[in-house]
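Each remark here refers to the structure printed beneath this line.
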Amino acid sequence: MTISTHVLDAARGRPFAGITVSLQRRDGTEVSSAETNADGRITGWGDGLEAGVYRLVFDTAEAAPFFPEVVLTFDYSDPAQHYHVPLLLSPFAYSTYRGS
C-alpha cells in the first residue's frame, strides 16, 4: 500500500499546489521528495517501505510564512494499509488528521 498527502489552504478553501514535501525516516534520512500537484496532492509513496516511524516535512515558507516548515510524524505500523496524512494550512494555524 501507499502513503499520500494533501495540502489544503484552509483560509481560502482550495488546494495548495507546488508545496515541496519530503518523506523521511525518523532519523531524518530522506526516502523521497515531491511537489503537490494542481489538486494539492502527492500520492504513491511507501511502496516497499518497512514499518516504522516516518515524517512528512512540508516546505510552507511561501504559503504560510509564519510556519516556514511543518513536520508531521506518524507511525507507519502496517504497510498493508493506506496512510493518508493531509495538512490543512492557514496563515497562522495548521492541523492534520489520519485520512482515508
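The values are calculated or read from the model by the stated rules, or taken from the named source; none is laboratory data. A quick note: this is a predicted structure, and the numbers were derived from the prediction, not measured. FYI the Cβ positions are ideal-geometry reconstructions off the backbone, even for glycines, and counts take in every protein chain you see. We work out accessible area using only protein heavy atoms, side chains counted, and drop any ligands, DNA or RNA first. Shrake-Rupley method; radii C 1.70, N 1.55, O 1.52, S 1.80 Å.
Miscellaneous remarks
- On inspection, residue 5 fails the criterion of being of a type in the set (S, T, N, Q) and open to solvent by 30 Å² or more (accessible area, probe 1.4 Å).
- Top-ranked residue in the stretch 80-97 [being assigned to a strand (DSSP E or B) and in contact with a Phe, Trp or Tyr (Cβ under 8 Å, 6 or more places away or on another chain); ranked as most open to solvent (accessible area, probe 1.4 Å)]: 94
- Selection from the stretch 49-68 of residues that are under 11 Å from residue 16 (Cβ atoms) and either of a type in the set (A, V, I, L, M) or in a loop (DSSP other than H, G, I, E, B) (or both): 60, 62, 63, 64
- Restricting attention to the stretch 33-50, the residues that are at pLDDT 95 or above, farther than 16 Å from residue 99 by Cβ and small (Gly, Ala, Ser) total 3.
- Among the residues of this structure, residue 32 counts as one that is open to solvent by less than 70 Å² (accessible area, probe 1.4 Å) and of a type in the set (S, T, N, Q).
- Whichever residue in the stretch 62-79 is open to solvent by less than 80 Å² (accessible area, probe 1.4 Å) and touching a strand residue (DSSP E or B) at 6+ places or on another chain (Cβ under 7 Å) and, among such residues, is farthest from residue 9 (Cα to Cα): 76
- Residue check for residue 74: aromatic (Phe, Trp, Tyr) and within 10 Å of the chain's Cα centre (by Cα): no
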